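Remarks on the structure that follows.
The values are calculated or read from the model by the stated rules, or taken from the named source; none is laboratory data. Just so it is clear, the model here is predicted, and its values are computed rather than measured. Glycine also receives a Cβ, built like all others from the backbone with ideal geometry; neighbour counts cover every protein chain displayed. In case anyone asks, the SASA skips ligands and DNA or RNA and just uses the protein heavy atoms, side chains included. Shrake-Rupley method; radii C 1.70, N 1.55, O 1.52, S 1.80 Å.
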Amino acid sequence: MPDPRHEATNQVPELVDYNLFTTDTALVEGVRRAGAGWHEQHLSYLGLEYGGEEIFHLGDQANKYTPELINYDALGRRIDVVEYHQSWHTLLHLARREGLQASAWVQPKAGAHVARAASYFLHYQVEAGALCPVTMTFAAIPVLQNEPVLFDALRNKLFATEHDKRDLPIEKKHSIMVGMGMTEKQGGSDLRTNTTHARPLNSRSGRGAGYLLTGHKWFFSAPMCDAHLVLARSSDDSLSCFFVPRWRPDDSKNAVNILRLKDKLGNRSNASSEVEFDQAWGMMIGEEGRGIQTLIEVASTTRFDCVIGSAALMRQALVQALHHTRHRNAFGKRLADQPLMRNVLADLALESEAATVLMLRLASAFDAGQHDPANALEQAWRRIVTPAAKFWVCKRALEFTGECMEIWGGNGYVETGPLARLYREAPVNSIWEGSGNIMCLDVLRAIDRDPEGFERLMKELQEPANAEPELQKLLTALRSDLDQPAEKREALARRITQRLVLALQGSLMLQHAPLSSAEAFIGSRTDADGGRVFGTLSNAQLEQEILERAWAV
């Protein structure tokens, strides 16, 4: 006789074998709208592939079998190798096959950044860690393109659509990845406190010359990258940027010694490390003394990828919550049919769509940066909105994934389900490439440096605000905060940034979402009585429409 203790009833089946792209209405519409419709058919194929059980399993495996640092080989020679599970390499193969490390630079046609952002968005929902070296490589390419001799030697290996996991000198590899090493233990985000120094290898110095670096990096992301962009003090004690490969030009191992791997809260698949440079060889790139400025473009691109990643985490957490509530019964009916749960789900759906449309609009601004760099409005989007979006979307992902975990209840809190990994992943994008305060202060600096661009941004917001009183109130309050004295304005930087992003999201929702959804988003985000928790929408009649749009299955 069957033992009733081992019957599993009212348990939710694993969510696999669905199309991540075609079921996401906001993403599909946004790709078409932003001029990347030429990529839609492939995204549909990719969405189906990434939604398959096998690919989701790769993400689980890569985080279960974590990287291992091996400092010495059997003969006692220093090798500093990080070994990864095969699932990691398979995920990197998928990312490179899609050109996520270079596609918008290889074929800079209309909608190229939007197409890449959409592909990146789909991959991130499966596994985030493998995209760390992908993002850094993508962001490094524009900086390396400014060094013609070096870039000529690297171009084909950077653009290659295959993953080469071999630990060899760059000239012997089919493809390469580039990481970053900037922060040190005494300074963190305050890069001006860096102590790593570089001395010329011979009488020649400056851009393109070889140097020997001595010092350390507290966070050295993806240490098995084939090279890293590193900040160090050059001969005049100013910070310069250096291209530091794993192997020296003479094919000997470079003196970048990996001390340990970080024991991180979030994804376990990607290795982050601490390293010491013991006269490591590097080539100066960019002008001497302008290392931070050289890497500003890198930071802008990596920050945008943080926005894509956090929006993707929200999307996957939302879909998991919707799937769960449609299959789980409580108190006599499905969770999805419980009035309060429907409110929570609809509120989450609005937040996810607002993050997606903002992400895609930013991608369009990056497209404009390649094709129309003088466009003041698009430049303002890149300079002002990128740090603002990174602050807000990444911050909201923390609360969002936590709410979705709560929807799953105890099953969400254990590592056998998907929510625990999504929740652990959420904080990193708020921290990496500048914490929340850094982002908000960068927003203020960007506004001060580009007042014309900011006014164009406000003008773009004004038209929808003319027909939406709550949006107008938000803009008026934003103006009032910006009119405060400098010291007080700095103290209000988070409030200013929040208001700016909410105004942008509200405007985009008015333009691209159903009017009822846009009004529900704006009303709930400006409602002083609504509070900060999800599930406080005031119009229950909209919930069905919002939820049907949220996941088109």
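Roughly how many nanometres apart are two label points built 7 Å out from the Cα toward the Cβ at residue 54 and residue 190?
Between residue 54 and residue 190, the simple spin-label model gives 5.2 nm.
Sort 179-188, 346-355, 6-15 by the packing proxy (mean of other Cβ within 10 Å over each peptide's residues), most packed first. Present the calculation step by step, with values, prior to reporting the outcome.
Values: 179-188: 19.9, 346-355: 26.5, 6-15: 9.5.
Sorting 179-188, 346-355, 6-15 by mean packing, highest first, produces 346-355, 179-188, 6-15.
Based on the mean of other Cβ atoms within 10 Å per residue, sort peptides 104-111, 388-395 so the most packed one is first.
Packing proxy ranking, top to bottom: 388-395, 104-111.
In nm, to one decimal, how far is the modelled label at residue 149 from the one at residue 110, with both set 7 Å along Cα→Cβ?
4.0 nm
Order 515-528, 44-57 from most to least packed using the mean count of other Cβ atoms within 10 Å. All intermediate terms of the calculation are to be shown ahead of the outcome.
Working: 515-528: 18.8, 44-57: 16.9.
Result, highest mean Cβ count within 10 Å first: 515-528, 44-57.
Compare the Cα positions of 139, 349, 35 along the charge dipole of the chain (+1 at Cβ of Lys, Arg; -1 at Cβ of Asp, Glu; about the Cα centre) and return the one farthest towards the positive end.
Comparing the listed Cα positions along the dipole, 139 ranks first.
Multiply the residue separation of residue 337 and residue 553 by 0.36 nm, subtract the distance between their alpha-carbon atoms, and state the gained length in nm to one decimal.
Working it through step by step, the gained length comes to 76.1 nm.
Give the distance, in whole Å, between the Cα centre of the range 78-95 and the Cα centre of the range 126-186.
Cα centres, the range 78-95 to the range 126-186: 14 Å.
Where does helix 40-50 land angle-wise versus the long Cα axis of the chain, in degrees 0 to 90, nearest 10?
Long axis of 40-50 versus the principal axis of the chain: about 90 degrees.
Averaged per residue, what accessible surface does the chain expose to a 1.4 Å probe, in Å²?
Counting only protein heavy atoms, the per-residue value for the chain is 41 Å².
With label points built 7 Å along Cα→Cβ from the Cα atoms of residue 41 and residue 237, find their separation and express it in nm.
Taking the two extended label points, one gets 6.3 nm.
Protein chains only, probe 1.4 Å: how do 163, 123 rank by accessible area, largest first?
Reading off the accessible areas and sorting them downward yields 163, 123.
Could you sort 447, 70 by their accessible area in this structure, using a 1.4 Å probe and putting the largest first?
Numbers: 447 15, 70 45 Å².
So the residues, ranked largest to smallest area, are 70, 447.
Calculate the all-directions average of the projected area of the range 189-323's alpha-carbon convex hull, and give it in nm².
It is 9.6 nm².
What's the FRET efficiency of residue 538 with residue 398 using the Cβ-Cβ distance as r and R₀ = 35 Å, to the nearest 0.05?
So, using R0 = 35 Å, E works out to roughly 0.90.
For the range 195-201, take each phi angle, set θ = phi - 60°, evaluate the Karplus expression 6.51 cos²θ - 1.76 cosθ + 1.60, and give the result in whole Hz per residue in order, putting x for glycine and proline.
10, 4, 10, 10, 10, x, 5
Nearest 500 deg cm²/dmol is fine: what mean residue ellipticity at 222 nm does the chain get from its DSSP H runs of n ≥ 4 alone, each adding -39,500 (n - 2.57), divided by its residue count?
That comes out to -16500 deg cm²/dmol.
Mind checking the angle between helix 515-525 and the chain's longest principal axis? C-alpha axes, 0 to 90 degrees, to the nearest 10.
Taking Cα atoms only, the helix is inclined about 70 degrees.
Which is farthest toward the positive dipole end of the chain among 507, 254, 273, measuring Cα position about the Cα centre, with Cβ charges +1 (Lys, Arg) and -1 (Asp, Glu)?
Value: 254.
Provide the gained length on full extension for the span residue 326 to residue 16, in nm with one decimal, where the gain is 0.36 nm per separating residue minus the Cα-Cα distance.
In short, 110.1 nm is gained.
With a 1.4 Å probe and all protein chains left in place, how much of the accessible area of the chain comes from carbon and sulfur atoms, in whole percent?
Exposed carbon and sulfur together represent 51 percent of the surface.
Give the angle, between 0 and 90 degrees and rounded to the nearest 10, that separates the Cα long axis of helix 291-327 from the longest principal axis of the Cα atoms of the chain.
Here the helix axis deviates by roughly 30 degrees.
What dipole magnitude, in Debye to the nearest 20, does the chain give about its Cα centre under +1 on Lys/Arg Cβ and -1 on Asp/Glu Cβ? Please list the in-between numbers first.
Values: 60 positive and 70 negative charges, 168 e Å.
The dipole magnitude comes to about 800 debye.
If you average the sequence gap of Cα pairs under 8 Å that are 6 or more apart and divide by the length of the chain, what percent do you get for the contact order? Please report the intermediate quantities before stating the final value.
Values: 955 pairs, mean separation 76.2, N = 553.
Value for the chain: 14 percent.
Average the reciprocal distances over every distinct pair of alpha-carbons in the chain, invert the result, and give the Kirkwood radius in Å.
Answer for the chain: a Kirkwood hydrodynamic radius of 24.4 Å.
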